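The next block holds one structure in the form of structure tokens; read it before the comments.
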Amino acid sequence: MHTESKYTTARLSIRRASEIDGPELGQLMHDGSIQDMINPSCNTIELFSVERIRYIARTLTDGALVGMVAVKGPALSYCVAPEFRSNGYGGEMAKCFVEAIAPSTGMSMIEATIIRENISSRRLIERLGFSFVGLTSIKFGRNDGQAAALVYRRHVNR
Ligand SMILES: CC(C)(COP(=O)(O)OP(=O)(O)OC[C@H]1O[C@@H](n2cnc3c(N)ncnc32)[C@H](O)[C@@H]1OP(=O)(O)O)[C@@H](O)C(=O)NCCC(=O)NCCS
């Protein structure tokens, strides 16, 4: 597997996360609003693993950490820091991952599991051409509670 280490979008520099990013990334993923929405398997205990391909997005202007996007197997996860939300950054970052990064990883399909109440994430994923394939119930959030979630899939175009 070979992935380019750095990509650029209109406003973001997106590159493979490294140990240097650890403290900032850990802080980002400790945010309650992220922990409530993201699958516990994507939490801070395992920021770097062999199986996970993780990229971080920083602003081109001043290098501020905007968010991260990762896959482990086909499972996609992403988050944007609260102060950057609702400005199109999540869409910009995820689009780059799905259309430019994923094809270079050799993966053929990406899957996103999104809890029902997470409207902005559902909109983001639907805009990226993912198809709804079914409902599931999965552990999410800080309390490890069960939540109803939607499963989406998209083929990776090469
Ligand atoms: C989900 C998340 C990544 C979206 O990031 P973002 O930068 O705010 O996303 P965007 O600004 O690109 O918006 C994506 C879509 O959601 C919509 N949206 C943004 N904020 C919204 C809000 N507060 N309420 C409803 N819709 C919203 C946008 O209008 C856009 O839809 P559109 O393209 O149809 O206009 C971000 O909210 C986040 O990190 N949440 C916590 C972690 C999380 O939920 N991760 C995903 C787990 S599956």
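The values are calculated or read from the model by the stated rules, or taken from the named source; none is laboratory data. Computed from a predicted model, the values in this text were never measured in an experiment. Cβ atoms come from the backbone with ideal geometry, glycine included; neighbour counts cover every protein chain shown.
Among the numbered conditions (1) free of Cβ contacts under 8 Å to residues at least 40 places away in the same chain; (2) on the phi < 0 side of the Ramachandran plot; (3) assigned to a strand (DSSP E or B), tell me where Ala112 comes up short.
(1)
Scanning the range 81-93 for residues that are within 13 Å of the chain's Cα centre (by Cα) and either within 6 Å of the ligand (Cβ to nearest atom) or under 11 Å from Leu12 (Cβ atoms) (or both), which turns out surrounded by the most Cβ atoms within 10 Å (Cβ to Cβ)?
My answer is Met93.
Determine which single condition Ile138 fails, assuming it passes every other condition in (1) at pLDDT below 95; (2) away from the ligand (no atom under 12 Å from the Cβ); (3) assigned to a strand (DSSP E or B).
Ile138 satisfies all of (1) at pLDDT below 95; (2) away from the ligand (no atom under 12 Å from the Cβ); (3) assigned to a strand (DSSP E or B) except (2).
Within the range 56-80, track down each residue that is hydroxyl-bearing (Ser, Thr, Tyr), in a strand (DSSP E or B) and more than 8 Å from the ligand (Cβ to nearest atom).
Listed by number, the list holds a single entry, Thr59.
Could you list, in sequence order, the residues of the range 94-125 that are loosely packed, with under 15 Cβ neighbours inside 10 Å and near the ligand (Cβ under 8 Å from one of its atoms)?
Within the range 94-125, Ile119, Ser120, Arg123 qualify.
Among the residues of the range 126-135, how many are away from the ligand (no atom under 12 Å from the Cβ) and part of a helix (DSSP H, G or I)?
Final tally of qualifying residues: 0.
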